[in-house]
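Worksheet: one structure, shown below.
The values are calculated or read from the model by the stated rules, or taken from the named source; none is laboratory data. It should be emphasised that the depicted structure is a prediction, and the values quoted were computed from it without experimental measurement. FYI the Cβ positions are ideal-geometry reconstructions off the backbone, even for glycines, and counts take in every protein chain you see. Heads up: the accessible areas ignore ligands, DNA and RNA and are worked out on the full protein's heavy atoms, side chains in. Shrake-Rupley method; radii C 1.70, N 1.55, O 1.52, S 1.80 Å.
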Amino acid sequence: MGLSDGVLRTGGRAGWPLLLYCTALATLVVVVATMAGAYVYQQSAADAQRSATGDARFAAGKAAAQLNSSLKFIESAMAPIAAAPSTAQLLSNPAGCILGFAPVGPFETGHIDLIRSDGSVACTSSKPKPAAAVYAGQAWLSPGAPTVVGPVTDSATGAIVAVIVYPIAGGGAMAWFLDLAAVGPKLAEEFASGVNELEFVITTADGHSVVARSINPVSWVGKNVGNPAFAGAAGGMDRADLDGIARWYGEASGPSGWKVYVGADRATALANAAPLQERQLGVIAAGLIVVLLAMFVAYRQVARPITALSAAVRVSRDITSRAPLPVTGPAEVATLAEDINGLVASVQRELVDRQRAESNYKLLFENHPEPLWVYDLESLRFVEVNKAAIQKYGYPRDEFLQMTIEQIRPESELPSLAETLHAIEPASRSGPWKHRTKDGSLIDVEITSHVVDFAGRAARFVMAQDVTEKKKLERQYLQAQRLESLGQLAGGVAHDFNNLLGVILNVTANLKSEIGATDADSRRDLDRVEKAAQSASRLTRQLLAFARREVVQGTVLNMSEQVAGSTELLRRTLGSHVNLTATLPEDVWPVKMDPGHLEQIVINLAVNSRDAMPKGGNLVISVGNVTVDAAYAQGRGEMVPGRYVQLQVSDSGSGMGKSTLDHVFEPFFTTKAVGHGTGLGLATVYGIVKQLGGHIGVYSEVGHGTTVTVLIPATDAPVPAKVIAPIAHRDPGTGTVLVVEDYEDLRDLIEEILKAAGYRVLTAPDGAAGLTLAREHSGEIDALLTDIVMPHMLGPDLADQMKADNPGLRILFMSGHAQPALGTTTLAPGTELLQKPFMAEELLDKLHEVLAAPASGGAVTVS
């Protein structure tokens, strides 16, 4: 292998001279042409035979199919007629009988007869009707099933026919007589080929008799085949016809076993092939001459075109700019030029495809919905960003490409950024990270990235998915969990605290009544104790409302009316420096809730607004109907689409920032000075609203005020009419009361109050003990006063079992709260409840009311 004059050369032995190649090729061409001529001569005869035989076989199949379909049609037409009772009647009374014969397929002539068993014709389609029993003694006259007979002589017409006989119930038959003389010519007319002279012959199943023939049919129909050459060649393709003429036959099976033969005249078929043989041999001879001349010309001209092609190849070696080579000269040279041009075009197409792929990549990159970018691993500078990144981060493309990834990170993360980037795997998913947009806001993103080779330098491809909203929902969920945990703690503390307050308040009241007005110092101290206990009671109710552990009995009410009743109290509470405006339409939907809870919501929100306007301002309270759809409910916790009544409280106060709004519903969170707020106001409102299945939202901007929106589910129940209850006068107590309370001091206090009022009192520390005591007591028990939440057995379960034993028993529940063991925290309508802490007068009034009411026989349940 060597290199000379800039041309790469390879070692090897030269081939034969081109003249020798051409001579050998010419000799081979002559031999092949001779063999082709002989093959054409023989093959054309074989082709003629195959064509004629195929033509005959096809015509035989078509003729047999038409015969079969025609006879099947006749049989299907005869069957319902022969089976009809009216047809049998026509044999004895043919008056009014009308039959008509119509051509069917190749059977163009014939007639239809109704024939009696004696051979006489009752009705016929031919005229005139035969007078005598022309068909007497015919073997086909009394068949047991439909029969096709033929060829036979028609006794009425003397024609050679095929007879289709169908028996008639009760004797006789219906017969179609089909003339066979015209069948052969009819088949030849429809199926004969214009190329081959085809003969149609139909024989009986045994091959002895001619049923039909297209050539000289009158002489042959109904006759014996007679030709030994035709009969002896049965099943063969090459045979002589009935007249001894050589034919190529096709065969098919017709109805009733008939054989359908179609033969093509052999001499005619071969004569038709002769011109084709002559043309093909002439083409071969002319082609041989042309090829030899072309080889001679190619020999003389091939060297010059090859030399020219080689020179053209050397002119330009740059593939991308090379023009196509001229395709001239002999076929070999032209093909070589085409191949070279094809190779060049292929390389050029690959370059175009690569450019198109790069264009598609840029299109996908640019239009991807998530922010995408590529940054240089060494300089950390952005080298490419897509449209989504520009929109999300707010930087124009030119500015983006002048920045580094450090500029979209918060300053607090910059010291560890280099270390973080160094630790990232070549392909990784990480986050969430904080990114800063152009307006200074921070977003949470999760990063998916991998190392790429970008324009010959190491870079990293990054997709940033904004998960800010996702993180917000996670924080809301965690806050809800914290609120639930605090609620459980607050509910438990409030329950026990209510028992203590009940004792403190009632003992304080008793002491105040005993010391009289003379001991002013003691009375002042007791007033202080009583005031502190009442304040503790209100705080406990706030804890229960926040914890959603209060036992409430919902009342169907009109929110506008209830809020209107609180406006005067609000005006005194807010002060003259706050301008209160209320929009309270009368046509709001009813809601089911505790009126005290509604008042607590309004007062808490109004007081918060007042504190946010120390120098005065505007406070607007509005009520209205709202229909929540699925789109609004989505992403708002447990809120469901439906009808709600909206309470909105807006102020023009100082407003709150985002950091404050994130904690606004947390218990004990307050922005007020120490000693000026418990931090339970909005937490209590939140608990009440969530207990009702509603929704609360806060919108606020610093310096632009705050709007709190509360949505309470509407109800279809009507607002009950107002009833003015008469002033009750309590008589001395009578009857026996069973008191079940697990807190001993409160149980003893209740016993003292009831006994002092005149009642007989039984006490028990829990439900199980109370049930045992009730069943062992010999006398009647008129009322059960029980706490709801107790160890071993809940108050509602105790009430159910005692009501089963004593249907007339009155039930009065008392509770500081109801825990989830009850299912929910709402008592069934009509259930009597005394909320802890209560005073002696409240207890006696409620018990008197319960005892005065008619006894109900149903079970007591808490839902």
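Numbers at a glance
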item	result
Using a Förster distance of 60 Å, the FRET efficiency for residue 734-residue 699 (Cβ separation, nearest 0.05)	0.55
Residues of the stretch 126-256: accessible area per residue with a 1.4 Å probe, Å²	43
Environment charge at residue 645 (Cβ cut-off 14 Å; Lys +1, Arg +1, Asp -1, Glu -1)	-2
Heavy-atom accessible area order for 660, 153, largest first, 1.4 Å probe	153, 660
The stretch 767-793 and the stretch 378-396: distance between their alpha carbon centers, rounded to Å	75
Ranked packing of 24-32, 166-174, most packed first, by mean Cβ within 10 Å	166-174, 24-32
Residue 457-residue 206 pseudo-label distance in nm [points 7 Å out on the Cα-to-Cβ vector]	10.7
Ranking by accessible area, most exposed first, for 366, 638, 199 with a 1.4 Å probe	638, 366, 199
Most to least accessible of 463, 790 (protein chains only, probe 1.4 Å)	463, 790
Spacing of the two label points (7 Å from each Cα toward its C-beta) at residue 377 and residue 136, in nm	12.0
Sorted peptide list for 216-224, 645-653, criterion being average Cβ within 10 angstrom, highest first	645-653, 216-224
For the stretch 578-606 and the stretch 21-57, distance of Cα centres in Å	109
Sites matching trypsin sites (Lys or Arg not before Pro) across the stretch 589-655 that sit in DSSP coil, with at most 15 neighbouring C-beta atoms within 10 Å	615, 636
Contour excess over end-to-end distance, with Cα ends at residue 279 and residue 47 and 0.36 nm allotted per residue	82.0 nm
Length added when fully stretched, residue 118-residue 583, from 0.36 nm per residue minus Cα-Cα	156.1 nm
Cross-link pairs 387/438; 127/259; 755/803; 755/846; 434/690 - those with Cα-Cα distance over 22 Å	127/259; 755/803; 434/690
Cα principal axis extents for the stretch 169-231, largest first, Å	54, 29, 19
Cα-Cα P(r), the stretch 31-176, percent of pairs per 10 Å interval	10, 33, 23, 9, 8, 7, 6, 3, 0
Model label zone, residue 190; criterion: amide N under 17 Å from point 7 Å along Cα-to-beta-carbon; scope the stretch 72-113	72-77, 102-110
Distance in nm between pseudo-label sites at residue 469 and residue 801 (7 Å out along the Cβ direction from Cα)	5.4
